[in-house]
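Working notes, structure below.
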Amino acid sequence: MNIVNFIGFKRKTKKLILAFVDFFSGFISWVIVGPPLASFLINTSTKTFLVSIADNFMGFLVPIIMSLIYFHFNDIYKSTSRFYEPSRNIASNLVGSLLFGISWALIYFYKLGTLDVSLRFIIILQAFIMSVVFFALTISFRLFIK
């Protein structure tokens, strides 16, 4: 698909494409920073990597849906391509990205139960890095399309 053809799509189609790209960006950031890559680095088995994705997928799905709903209600998808201005939407994009990371951390805390202080710090750091990667991917795609 040519980037120029993206401009010719109907508005609803563009919004769905952007929502899918945001979903995929969240998935990539979760895989890279979250449990799947960590379990792969510990065990270096492809099976462990895929099992980790399957086992932790609900811990990804809930935060990304929350972020997409936040983006929808805060008009992130209103200006879809040519007229997207990151400076106008940076606060909403940042809050949506932080919502993704923080909700993931809360779900992960709940899943793991009682944790010592050093592990809590690592999960909070992971959530912050995941938010930054998600933010960067979503903004980058919109700027690329623009």
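The values are calculated or read from the model by the stated rules, or taken from the named source; none is laboratory data. Only a predicted model underlies this, so the values are computations on that prediction, with no experimental measurement involved. When we count neighbours, we look across all protein chains shown, and the Cβ atoms used for this are built from the backbone with ideal geometry, even at glycine. Remember, those area values only see protein heavy atoms, side chains included, never the ligands or the DNA or RNA. Shrake-Rupley method; radii C 1.70, N 1.55, O 1.52, S 1.80 Å.
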Next on the checklist: Just to be sure I understand, if you calculate Kirkwood radius over Cα pairs in Å for this structure, which of [x] 16.5; [y] 14.3; [z] 16.1 do you get?
Outcome noted: [z]
Item to check | Helical contribution to [θ] at 222 nm, DSSP H n ≥ 4, -39,500 (n - 2.57), averaged over the chain, rounded to 500 | outcome: -28500 deg cm²/dmol
Item to check | the chain: DSSP helices with Cα axial extent of at least 24 Å and average Kyte-Doolittle hydropathy no lower than -0.5 | outcome: 11-33, 46-73, 86-112, 117-145
Checklist outcome for this item: Across Arg88, Arg11, Arg120, the residue with the highest GNM fluctuation in the chain (Cα network, 10 Å cutoff) is Arg88
Item to check | Relative packing of 111-119, 52-60, which averages over residues the other C-beta atoms within 10 Å, highest first | outcome: 52-60, 111-119
Item to check | Mean accessible surface per residue for the chain, computed with a 1.4 Å probe while every protein chain stays in place, in Å² | outcome: 59
Checklist entry - At a 1.4 Å probe, what is the % contribution of carbon and sulfur to the accessible area of the chain? => result 73
